[in-house]
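Take a look at the structure below.
What follows draws every value from the coordinates through simple rules; no lab data is involved. Keep in mind it's a predicted model, so treat the numbers as computed, not measured. In this analysis, Cβ positions are derived from the backbone assuming ideal geometry, glycine residues included, and neighbour counts consider all displayed protein chains.
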């Protein structure tokens, strides 16, 4: 157990370092803006006083390193700055939308495994059969369709033709929870499919790898059927590498939700970020980018630590 | 011994070849002017017919012509992206692998930081701070793809460092650069090739997603992603517009994916 604790501490330190590096990169990117950001926001016609006032408000009158430190220490204290567009604290705006994006990401992860696990087991058991080939074609197809393409197809098929939901008619979780879940189901399916394809291929090759091991031979010679050995022994081991995938999938679900929210007209974090970018609301865009990367790095490290607790034999780091 | 071509490779070559032919053809011939709009209501959103094989869009433009003309913009963006990230990635990978120690650690941690970022987020940040247009997209996507090329070339170099033919070249007094470019690179090349092709397909996906969001290639350039965005607005009255545009994107991406996978499966 002590080893795991040391590992976890080291992993968290790496994660903290990565987050710091990423925040620095984000800060540099937003301060590389050609031209004066204040002029960009207010337009060239604005009076000198207004420019000076906004400059002071954004803290742009300080030196760059001080601005960076100010931004970081503010973030650590929960002060994410103020949105120019909404004139409200960024933390509050993000907070309102977090539940929506988290529902979408979690929903899609659950669906991804619900698709991947049975299909992965099936294609490994029936390796080389028609169903294996069909599954492999399907997974190839689902990683070749950009999310927004699939989203539009789902809107057309399930929304316009089958009328299972009302495209563009987002239902808030505050007013109607069943309606909300019903609306979220379809974007979640769209986000789940590429992740399911990756997980499925992973599981399939992991099962096939395990089936070659000696303990399977032992189980078979003791009189187990292949099916029995598979469900009793093999799956337990084959699932372990899948856990490290959860972190990656959570990260890609958060990234994917940025586009899918736009396709389905869902007011989540992604929609907020794109709004911030198109309206040149830099303080908000900068803090949001940092927040999203913290979530992504965090879920990756959490998955690495979890896998270490479950199976301490695995060496992820030297 | 030459490895045998596999099914994925053949289908991938056929699909990619078809797209390439259409692209080349579009330089000389498109059925209609892809930019010519029509004010006449009767010309807008026509169903596919013998005059307009894939119908017309909401501005009365011929969809087939626009799809054909769009290939070169998409391909140009994707190819520049991959070329830039390949050059930077291979350079960084070789530097990291050859010098090792602190330099290696610094480069690889930076690559980890870049890959920890969701791709679309990095692209959005860069598009936000740069002027919108092809340059921003190309820069953003190139940064995203650098880590994979860096890892491949660093890994390849480390693996080959102790290979007999490298040692014998060293004994013969070959310079470091000569060893890297004439002895190591040709051995890493097949792995790189498959990543280049897969990189092209993911660049096309990212570019069309960004264009769909209105943050990529700007109108009137016929970009597939933007066309699909326009098609979504008229999905109820003209579903074939979205269908053919979406199929074009999927066909192109899938062709490249199959080609890349096919090359990878051919590797020993």
TODO: Within segment B:230-254, count every residue that is assigned to a helix (DSSP H, G or I), within 8 Å of chain A (Cβ to nearest Cβ) and more than 13 Å from residue B:48 (Cα to Cα).
DONE: 7
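Could you please let me know if residue A:191 is within 14 Å of another protein chain (Cβ to nearest Cβ) and either in a loop (DSSP other than H, G, I, E, B) or touching a helix residue (DSSP H, G or I) at 6+ places or on another chain (Cβ under 6 Å) (or both)?
For residue A:191, the condition - within 14 Å of another protein chain (Cβ to nearest Cβ) and either in a loop (DSSP other than H, G, I, E, B) or touching a helix residue (DSSP H, G or I) at 6+ places or on another chain (Cβ under 6 Å) (or both) - is met.
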- [ ] Residue by residue through segment A:57-80, note down the ones that are surrounded by fewer than 11 Cβ atoms within 10 Å (Cβ to Cβ) and within 14 Å of residue A:291 (Cα to Cα).
- [x] A:73, A:76, A:77, A:78
Task: In segment A:147-167, residue farthest from the other protein chains (Cβ to nearest Cβ) [restricted to those that are buried (at least 21 other Cβ atoms within 10 Å of the Cβ) and without any contact (Cβ under 8 Å) to a residue 24 or more places away in the chain] - done: A:165
Open item on the list: Taking the condition of being free of Cβ contacts under 8 Å to residues at least 40 places away in the same chain and crowded, with 22+ Cβ neighbours inside 10 Å, how many residues in segment A:239-268 meet it?
Closed with: 1
Task: Matching residues in segment A:168-180 - criterion: being under 16 Å from residue A:261 (Cβ atoms) and more than 14 Å from chain B (Cβ to nearest Cβ) - done: A:170, A:171, A:172, A:173, A:180
- [ ] Answer yes or no as to whether residue B:267 is within 23 Å of residue B:83 (Cα to Cα), within 11 Å of another protein chain (Cβ to nearest Cβ) and either surrounded by fewer than 24 Cβ atoms within 10 Å (Cβ to Cβ) or in contact (Cβ under 8 Å) with a residue 40 or more places away in the chain (or both).
- [x] no
TODO: Return the total of residues in segment A:9-30 being in contact (Cβ under 8 Å) with a residue 60 or more places away in the chain and within 21 Å of the chain's Cα centre (by Cα).
DONE: 9
TODO: Out of A:271, A:290, A:229, report the one residue that is within 30 Å of residue A:14 (Cβ to Cβ) and touching a helix residue (DSSP H, G or I) at 6+ places or on another chain (Cβ under 6 Å).
DONE: A:290
Task: Qualifying residues in segment B:99-152 (those that are surrounded by 19 or more Cβ atoms within 10 Å (Cβ to Cβ) and not in a helix (DSSP H, G or I)) - the one nearest to the other protein chains (Cβ to nearest Cβ) - done: B:118
Open item on the list: Go through (1) more than 22 Å from residue A:170 (Cβ to Cβ); (2) surrounded by fewer than 19 Cβ atoms within 10 Å (Cβ to Cβ) for residue A:90 and report which single condition fails.
Closed with: (2)
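Which of the residues spanning segment B:177-206 are within 25 Å of residue A:142 (Cα to Cα) and more than 10 Å from every other protein chain (Cβ to nearest Cβ)?
Of the residues in segment B:177-206, the ones within 25 Å of residue A:142 (Cα to Cα) are B:191-206.
Passing the criteria: B:191, B:192, B:193, B:194, B:195, B:196, B:197, B:198, B:199, B:200, B:203.
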Task: Number of the exception - residue B:221 against (1) surrounded by fewer than 24 Cβ atoms within 10 Å (Cβ to Cβ); (2) closer than 14 Å to residue A:153 by Cα; (3) touching a residue at least 24 places away in the same chain (Cβ under 8 Å) - done: (2)
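Are there helices (runs of 4 or more DSSP H) fully within segment A:205-281 with at least 3 residues that are over 22 Å from residue A:111 (Cβ atoms) and away from chain B (no Cβ under 14 Å)? List them. Show your work before the answer.
Values: elements: A:214-221, A:226-229, A:235-238, A:240-264, A:269-278.
Qualifying helices (runs of 4 or more DSSP H): A:214-221, A:226-229.
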